[in-house]
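Peer 1: Quick one: this structure, given as structure tokens, is what I'll be asking you about.
The values are calculated or read from the model by the stated rules, or taken from the named source; none is laboratory data. Here the structure is a predicted model, which means the values were calculated and not measured. Using ideal geometry, Cβ is built from the backbone for each residue, glycine included, and neighbour counts are taken over all protein chains shown.
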Amino acid sequence: MNAIIQYFWYWADQEAERPFITEGQRSFTYRQFGHLVSRLAKQITEKGISHGDRVILYLEKKHLHVASYLANLTIGAVTVHLYPEHTSSHVAFAVSHTGAELIITTRKDLAIEGAEILLLDEDVDTSEITRPLLHPHPTAYLMFTSGTTSKPKAVITTQKNLIFVTQTLIRLADIKPGDRELIFMPLGSTGGSGHLHGAIMLGNRIELLPWFMADIEDPELKMMLDIIARKKITGLLATPRIVQALLTRHRDDLAEKGRGLRYMLANVTPMKQETVRNLLQLLPNLRFCTYYGLTEASRSVLNICRDNPGHEHATGFPAPSVEVKIVPLADTPNSGEICIRGENVTPGYWNNEQPAVDREGWFHSGDLGYFDEHGRLFVSGRIKETINIDGLKCLPTEIESVINAETEVATCAVVAIPDNDAYHRIGAAVTLKTDQPDEWLKDAVAAKVIDACRQQLSAYKVPASIHILNQLPLTDLGKVKRLELAKLLAKSDRAYPKH
């Protein structure tokens, strides 16, 4: 099969009564979900959408997002994935940028110039309906880059990209037929949608959690663990923040209710080595993996952490049939730009706004990294995040590794703060493992951090200020919003230590 939608319809025909998706109180077999997909495909075509037209998905209910996406794949419409957390102004930008003629949503107050609205009821009819003809388009979907360093770009993902990356994921996690996948990540991301594709390819069961990533705190984590135990979940994709929170605040529950987990993956690298080792020790039968990639080149580098003792925190080795090279840069002699070539790499951006690859097919990631003597890749930061202090350069990750080693530190992020004299100065934001820490503890930890940096780093790399925060500003996928953090620290007058 050369399109992921063919797998879905195969299971809907061959294993019609097999459970497929549950979200809250709604559960569907493959047959029932096929009826829902067929009904939505009919509604989409009745709106005048034809092969190759772009359709935006802006849906809070994850099962409706899945059904609408599969309907688009069936008739050959090109899905434009958006997070439900996005503002209406971002939806308007997506419409103008991609030329989308239809937005599928449940938001009754949404009105965007230039696009029609298909308003879905959360209780969509799943009675039998004639299935539309299967006519996949070569482009499976468009997904926007995060836009943290520039204007978001619409990345093209082809059917060929999709099959290759899904097979890579299945091999990495050793996902087997009969596994039960828990998905709480946004389906508008390569993480959430990637695990959806893996389950569809194998005809597996999916449990969707109806939460926004930003809303997942301790009550939701407890509910998640209860669901993992009760529904006999065998695998999930998490973020470093979620893994850390489970280990530090729900350790006993995780040990008991997570013992049936066969695999868990994290979508952000690098992770703290201590965190990975703690997880592997707590769940000795768990296959924990991390992977590195971008929207343009998903799952390029893989690490099966238990297979790499002493290097659990490494980014990992290139995925099978994926080439990775380091291009040296003058300003970063100990690392270079990570470049990727393979069937996972996008053919380009929508509207050809800029080339995605060079003449030899290499995608230049904008990330810095290096290989060790065994061929393991380590990602060391973004080129645009390089800190320049009076002509001397350093990367945030180098300083963060020192700060993260302090036992009281839960998470940290280092950013460049504009400085009139030296161009940049270094600001460090830290969250502590202790809830509601006293001022004396904040001061003491900050002093220890500064002392550790002075002992282990060159003098110009020592942070000018330490800021103790309740939480770091994060994207929906758990990545630090460094520009937002830099602005926050530049305005803050609450730096530590105070003495």
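Peer 1: Filter region 157-189 down to the residues that are at pLDDT 95 or above and small (Gly, Ala, Ser) and list them by number. Working first, answer last.
Peer 2: Filtering region 157-189 for residues at pLDDT 95 or above gives 157-183.
Listed by number, the residues that qualify are Ala173, Gly178.
Peer 1: Mind checking which residues of region 40-58 are under 19 Å from the mean Cα position of the chain (by Cα) and either closer than 24 Å to Thr130 by Cα or at pLDDT below 95 (or both)?
Peer 2: Leu57
Peer 1: Provide a single number: the residues in region 274-308 that are charged (D, E, K, R) and in a loop (DSSP other than H, G, I, E, B). Break it down stepwise before answering.
Peer 2: First pass over region 274-308, keeping only residues charged (D, E, K, R): 274, 277, 287, 296, 299, 306-307.
From what's left, in a loop (DSSP other than H, G, I, E, B): 296.
Final tally of qualifying residues: 1.
Peer 1: Return the residue satisfying two criteria in turn: it lies in region 209-258 and is touching a residue at least 60 places away in the same chain (Cβ under 8 Å) and in contact with a Gly (Cβ under 8 Å, 6 or more places away or on another chain), and of such residues it is farthest from Arg277 (Cα to Cα).
Peer 2: My answer is Pro210.
Peer 1: Could you figure out which of (1) modelled with pLDDT of 90 or more; (2) surrounded by fewer than 18 Cβ atoms within 10 Å (Cβ to Cβ); (3) on the phi < 0 side of the Ramachandran plot isn't true of Glu217?
Peer 2: With (1) modelled with pLDDT of 90 or more; (2) surrounded by fewer than 18 Cβ atoms within 10 Å (Cβ to Cβ); (3) on the phi < 0 side of the Ramachandran plot applied to Glu217, the lone miss is (1).
Peer 1: Gly191 is checked against (1) on the phi < 0 side of the Ramachandran plot; (2) not in a helix (DSSP H, G or I) and fails just one. What number does that condition carry?
Peer 2: So the condition that Gly191 fails would be (2).
Peer 1: Is one or more of the residues making up region 98-110 of a type in the set (Asp, Glu) and surrounded by 15 or more Cβ atoms within 10 Å (Cβ to Cβ)? First the steps, then the outcome.
Peer 2: So the first thing to find is which residues in region 98-110 are of a type in the set (Asp, Glu), and the list is 101, 109.
After this cut, where a residue has to be surrounded by 15 or more Cβ atoms within 10 Å (Cβ to Cβ) as well, the list is 101.
Yes, region 98-110 contains at least one residue that is of a type in the set (Asp, Glu) and surrounded by 15 or more Cβ atoms within 10 Å (Cβ to Cβ).
Peer 1: Could you grab me the full set of residues in region 443-482 that are surrounded by 15 or more Cβ atoms within 10 Å (Cβ to Cβ) and closer than 30 Å to Gly192 by Cα?
Peer 2: So the first thing to find is which residues in region 443-482 are surrounded by 15 or more Cβ atoms within 10 Å (Cβ to Cβ), and the list is 443-450, 452-453, 457, 460-469, 472-482.
The answer is Leu469, Leu472, Pro473, Leu474, Thr475, Asp476, Leu477, Gly478, Lys479, Val480, Lys481, Arg482.
Peer 1: Restricting attention to region 451-492, report how many residues are small (Gly, Ala, Ser), over 22 Å from the mean Cα position of the chain (by Cα) and assigned to a loop (DSSP other than H, G, I, E, B).
Peer 2: Total satisfying the criteria: 3.
Peer 1: Looking only at residues in region 345-398 that are among the charged types (D, E, K, R) and part of a strand (DSSP E or B), which one is farthest from Thr145 (Cα to Cα)?
Peer 2: Lys393
Peer 1: Which residue pairs have Cβ atoms under 6 Å apart, sit 6 or more places apart or on different chains, and have a first residue in region 473-499 that is of a type in the set (D, E, K, R) and a second that is modelled with pLDDT of 85 or more?
Peer 2: Sorted first by the residue in region 473-499, then by its partner, the pairs are Asp476/Tyr83; Asp476/Pro186; Lys481/Pro473; Arg482/Val415; Glu484/Pro473; Lys498/Asp443.
Peer 1: Looking at region 14-128, what helices (runs of 4 or more DSSP H) fall wholly within it and have at least 1 residues that are within 21 Å of Ala199 (Cα to Cα)? Break it down stepwise before answering.
Peer 2: Numbers: elements: 30-46, 62-75, 88-98.
Correct list: 30-46, 62-75.
This table checks each residue for (1) surrounded by fewer than 18 Cβ atoms within 10 Å (Cβ to Cβ); (2) in contact with a helix residue (DSSP H, G or I) (Cβ under 8 Å, 6 or more places away or on another chain); (3) of a type in the set (Val, Ile, Thr); (4) in contact (Cβ under 8 Å) with a residue 12 or more places away in the chain.
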position: Val357; (1), (2), (3), (4): no, no, yes, yes
position: Glu360; (1), (2), (3), (4): yes, no, no, yes
position: Lys393; (1), (2), (3), (4): yes, no, no, yes
position: Ala429; (1), (2), (3), (4): no, yes, no, yes
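Peer 1: Tally the residues that are assigned to a helix (DSSP H, G or I), out of contact with any helix residue (DSSP H, G or I) (no Cβ under 8 Å at 6 or more places or on another chain) and either over 20 Å from Phe317 (Cα atoms) or modelled with pLDDT of 95 or more (or both), restricting the search to region 234-273. Before you say what the answer is, go through the steps one by one.
Peer 2: Our first condition is that a residue be assigned to a helix (DSSP H, G or I); within region 234-273, this holds for 240-249, 251-257, 273.
Applying the additional criterion that residues be out of contact with any helix residue (DSSP H, G or I) (no Cβ under 8 Å at 6 or more places or on another chain) yields 241, 248, 252, 273.
In the following step, the residues that additionally are either over 20 Å from Phe317 (Cα atoms) or modelled with pLDDT of 95 or more (or both) were identified as 241, 248, 252.
Total satisfying the criteria: 3.
Peer 1: Say we look at region 297-339 and pick out the residues that are over 18 Å from Gly381 (Cβ atoms) and acidic (Asp, Glu); which of these is surrounded by the fewest Cβ atoms within 10 Å (Cβ to Cβ)?
Peer 2: Selected residue: Asp307.
Peer 1: Hey, another quick one. Output the residues belonging to region 265-319 that are among the hydrophobic types (A, V, I, L, M, F, W, C) and either over 15 Å from the mean Cα position of the chain (by Cα) or not assigned by TED's automatic domain parsing to the domain that holds Val357 (or both).
Peer 2: The first filter runs over region 265-319 and keeps only residues among the hydrophobic types (A, V, I, L, M, F, W, C), leaving 265-266, 268, 271, 276, 279-280, 282-283, 286, 288-289, 294, 297, 301-302, 304-305, 314, 317, 319.
Within region 265-319, Val276, Leu279, Leu280, Leu282, Leu283, Leu286, Phe288, Ile304, Cys305, Ala314, Phe317, Ala319 qualify.
Peer 1: In this structure, is Thr346 crowded, with 19+ Cβ neighbours inside 10 Å and at pLDDT 95 or above? It would help to see each step written out before you state the result.
Peer 2: Values: crowded, with 19+ Cβ neighbours inside 10 Å: yes; at pLDDT 95 or above: yes.
The answer is yes for Thr346.
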